[in-house]
Amino acid sequence: MAQRFFLTSAIDYPNSRPHIGTAFEKIGADVQARYRRMEGYEVFFLMGNDENTVKVARRAQELGEDVLAYCNRMAGEFQEVWKALDISYDDFIQTSEVRHHDCCRAFIQKVYDAGHIYKAAYEGFYCEGCEAFKTEKELEDGKCPVHKVPAMRRQEDCYYFALSQFREKLLAYHEAHPEFIQPESRRNEVMQLIRGELLDVNITRSGQDWGIRVPWDERFTIYVWFDALLNYITAAGYGTDPERFARWWPADMHVIGKDITRFHCALWPAMCMAAGIEPPRRVFGHGFVYIKSGQETVKISKSLGTLVEPMDILSKFSAEAFRYYFLRECPFPGDGEFSWRRFAEVYNSDLANNLGNLYSRVTGLVGRNFGSVLEGTAGLKPTLPVGEQSVQEVVSRYRQQVESLHYSQALTTLWQGVLVPANQHAEKTAPWSLVKTDKPAAALVLHDLVEAVRVAAVLLKPFLPKLAATLYSSFNFAKPFAEVSTQDALESPTPQDDLRVTAETVAGKVVPLFPRIELDSVQGA
């Protein structure tokens with residue numbers, strides 16, 4: 001039986017369409033899901049929208065829409081973007097769904113019955129953008145450090161989750177599971193929170209029509225974080241399908257933004273402990289994407305009005321170019337920048353000049369000079385033209401980097417370990433000249449260069465799935481692309497048939513993978 005891997009991304013507020021910072025997270029999670037499938041895992045990849053919030057209800061009201069109808073419309077718009085970006089999720093949960101409401105009510109009732117929830121008055125500072133209460137220490141000049149707006153003083157009766165009672169359990173858990181918080185830089189922040197001000201948490205709101213009712217006191221609705229975090233167990237079958245829940249829980253990895261690490265690494269494990277279920281195994285807090293405009297660098301944020309929508313880029317370029325830029329240029333554990341000029345530079349350098357040029361040269365030379373067939377190569381095992389590293393070293397390093405979500409490093413390993421040496425080999429051997437003087441020798445060179453394209457296709461499969469499929473299907477490799485695993489990069493097949501170029505052609509030429517971008521054409525885009 002295949003090993004299981006349950007992966008989630010954070011669920012998103014649908015008070016506006018997704019931006020490139022949101023897409024950055026989803027692409028990163030998608031790479032992990034696709035890679036794990038290639039490694040033989042049975043993967044469950046969950047995404048969704050966080051809908052039971054004041055800001056969502058307010059946005060629907062502003063537009064004159066029924067809140068549920070608005071949420072369903074926005075869910076469709078989000079999924080349209082994820083489809084355009086080839087995000088391979090298995091389930092998309094909306095927290096307005098009946099299955100989520102049932103899960104939340106069952107969960108909170110269990111925690112209440114266990115004595116971890118109590119009623120009391122609350123007064124404190126509240127940020128509507130975060131939908132969270134803030135301590136004075138967390139504010140900067142009275143403002144939320146994330147949304148840059150003054151926090152409001154708020155007083156109300158509410159129910160509390162006794163988070164402070166779990167300090168010692170949380171410390172013991174984090175001590176026993178040092179891998180729980182990734183990257184390591186996020187760990188210190190969470191441990192400081194747990195050791196310091198681990199306060200009880202207000203988990204209800206009163207006087208609101210939109211939201212999930214508290215089962216023992218329906219005057220209250222469940223506060224957004226105590227509701228939203230439960231989406232991870234809702235989709236796994238908590239409270240509705242015990243067999244499914246036992247099969248998938250605990251989650252192997254939550255992929256989230258670094259700004260919500262404390263909720264996922266302090267509040268969420270404590271909630272699980274309170275309900276008698278195992279906490280998730282790993283939380284990965286990725287960095288932010290910033291926009292570079294002239295000399296200024298600003299965070300992408302709905303509340304700050306600094307948005308670039310994925311469709312702004314997809315309408316001009318491809319999903320593959322979009323995915324490559326953010327995975328290569330923005331280190332997933334850290335922060336990255338986006339500018340239209342840098343996008344064009346990376347596109348031209350890595351995709352058009354390097355990978356695209358190698359592909360065009362090989363397919364073109366075989367097509368024009370050999371009638372698209374390298375005769376005599378049946379039974380001939382190719383040799384991958386690599387540099388100082390062996391292919392075993394390249395793939396081993398690639399695996400370690402992908403599994404630790406260091407995607408930029410993994411792509412660098414692929415380019416420097418496979419594609420750059422292949423292009424250097426092509427320049428050194430010059431098969432375009434060699435074919436005129438020693439055609440059999442040129443055929444052998446091209447045979448080996450095709451092996452570099454094959455290995456690149458295998459290792460690009462989690463990152464750029466459509467491009468990888470195009471590269472792979474351009475030749476008559478015996479193994480179907482859908483069955484290709486990471487291990488296949490290590491195992492050069494001995495072909496039973498002569499190597500053949502099967503790529504589609506227009507006027508006798510293979511269509512370029514990445515036509516160059518003129519830098520002037522993207523200025524002000």
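Looking only at region 329-348, which residues are in contact (Cβ under 8 Å) with a residue 24 or more places away in the chain and either out of contact with any helix residue (DSSP H, G or I) (no Cβ under 7 Å at 6 or more places or on another chain) or surrounded by fewer than 19 Cβ atoms within 10 Å (Cβ to Cβ) (or both)?
331, 333, 334, 335, 337, 339, 341, 342, 345, 348, listed by residue number.
Does any residue of region 183-199 turn out to be in a strand (DSSP E or B), crowded, with 17+ Cβ neighbours inside 10 Å, touching a residue at least 12 places away in the same chain (Cβ under 8 Å) and not hydrophobic (A, V, I, L, M, F, W, C)?
Among the residues of region 183-199, not one is in a strand (DSSP E or B), crowded, with 17+ Cβ neighbours inside 10 Å, touching a residue at least 12 places away in the same chain (Cβ under 8 Å) and not hydrophobic (A, V, I, L, M, F, W, C), which makes the answer no.
Cβ-Cβ distance below 9 Å, separation of 6 or more or different chains: which pairs start in region 496-525 with a residue that is under 20 Å from residue 478 (Cβ atoms) and polar (S, T, N, Q) and end on one that is assigned to a strand (DSSP E or B) and at pLDDT 85 or above?
Correct list of pairs: 502/475.
Under the condition of being assigned to a loop (DSSP other than H, G, I, E, B) and within 21 Å of residue 411 (Cα to Cα), which residue from region 302-321 is modelled with the highest pLDDT?
It comes out as 318.
Checking residue 469 against (1) within 30 Å of residue 181 (Cα to Cα); (2) surrounded by fewer than 19 Cβ atoms within 10 Å (Cβ to Cβ); (3) touching a helix residue (DSSP H, G or I) at 6+ places or on another chain (Cβ under 7 Å), which test does it fail?
(1)
Looking at region 73-89, is at least one residue closer than 14 Å to residue 240 by Cβ, touching a Gly at 6+ places or on another chain (Cβ under 9 Å), modelled with pLDDT of 95 or more and not aliphatic (A, V, I, L, M)?
Within region 73-89 (the criterion being closer than 14 Å to residue 240 by Cβ, touching a Gly at 6+ places or on another chain (Cβ under 9 Å), modelled with pLDDT of 95 or more and not aliphatic (A, V, I, L, M)), the answer is no, since none of the residues qualifies.
Answer yes or no: is there a residue in region 23-39 that is among the aromatic types (Phe, Trp, Tyr) and surrounded by fewer than 21 Cβ atoms within 10 Å (Cβ to Cβ).
No: region 23-39 contains no residue that is among the aromatic types (Phe, Trp, Tyr) and surrounded by fewer than 21 Cβ atoms within 10 Å (Cβ to Cβ).
What's the number of the only condition in (1) in contact with a Phe, Trp or Tyr (Cβ under 7 Å, 6 or more places away or on another chain); (2) in a helix (DSSP H, G or I) that residue 14 fails to meet?
Every condition holds for residue 14 apart from (2).
Whether any residue in region 433-443 is assigned to a helix (DSSP H, G or I), touching a strand residue (DSSP E or B) at 6+ places or on another chain (Cβ under 9 Å) and buried (at least 19 other Cβ atoms within 10 Å of the Cβ) is what I want to check.
Within region 433-443, one or more residues are assigned to a helix (DSSP H, G or I), touching a strand residue (DSSP E or B) at 6+ places or on another chain (Cβ under 9 Å) and buried (at least 19 other Cβ atoms within 10 Å of the Cβ).
Taking residue 444 and the conditions (1) within 25 Å of residue 479 (Cβ to Cβ); (2) in contact with a helix residue (DSSP H, G or I) (Cβ under 6 Å, 6 or more places away or on another chain), which numbered condition does it fall short on, given that it satisfies the others?
Only one criterion is unmet by residue 444, namely (2).
Yes/no per residue for (1) surrounded by 24 or more Cβ atoms within 10 Å (Cβ to Cβ); (2) within 29 Å of residue 158 (Cα to Cα):
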site: 209; (1), (2): no, yes
site: 218; (1), (2): no, yes
site: 235; (1), (2): yes, yes
site: 241; (1), (2): no, no
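Residue 394 versus (1) under 23 Å from residue 356 (Cα atoms); (2) assigned to a loop (DSSP other than H, G, I, E, B); (3) β-branched (Val, Ile, Thr); (4) touching a Leu at 6+ places or on another chain (Cβ under 9 Å): which is the lone unmet condition?
Looking at each condition in turn, residue 394 falls short on (2).
Residues that are surrounded by fewer than 17 Cβ atoms within 10 Å (Cβ to Cβ), at least 1 per element: which strands (runs of 3 or more DSSP E) completely within region 53-139 meet that?
Where strands (runs of 3 or more DSSP E) fall fully within region 53-139 and carry at least 1 residues being surrounded by fewer than 17 Cβ atoms within 10 Å (Cβ to Cβ), they are 91-94, 117-127.
Kindly indicate whether residue 25 is modelled with pLDDT of 95 or more, over 28 Å from residue 272 (Cα atoms) and acidic (Asp, Glu).
Judged against the criteria, residue 25 is not a match.
Going through region 389-431 one residue at a time, which ones are surrounded by fewer than 19 Cβ atoms within 10 Å (Cβ to Cβ), closer than 18 Å to residue 361 by Cβ and in contact with a helix residue (DSSP H, G or I) (Cβ under 6 Å, 6 or more places away or on another chain)?
Passing the criteria: only 429.
Just need a number here: residues in region 165-182 that are over 32 Å from the mean Cα position of the chain (by Cα) and either without any contact (Cβ under 8 Å) to a residue 12 or more places away in the chain or loosely packed, with under 15 Cβ neighbours inside 10 Å (or both).
1
The values are calculated or read from the model by the stated rules, or taken from the named source; none is laboratory data. Being a predicted model, the structure only gives us computed values, none of them experimental. So basically every Cβ, Gly included, is an ideal-geometry build from the backbone, and we count neighbours across all protein chains shown.
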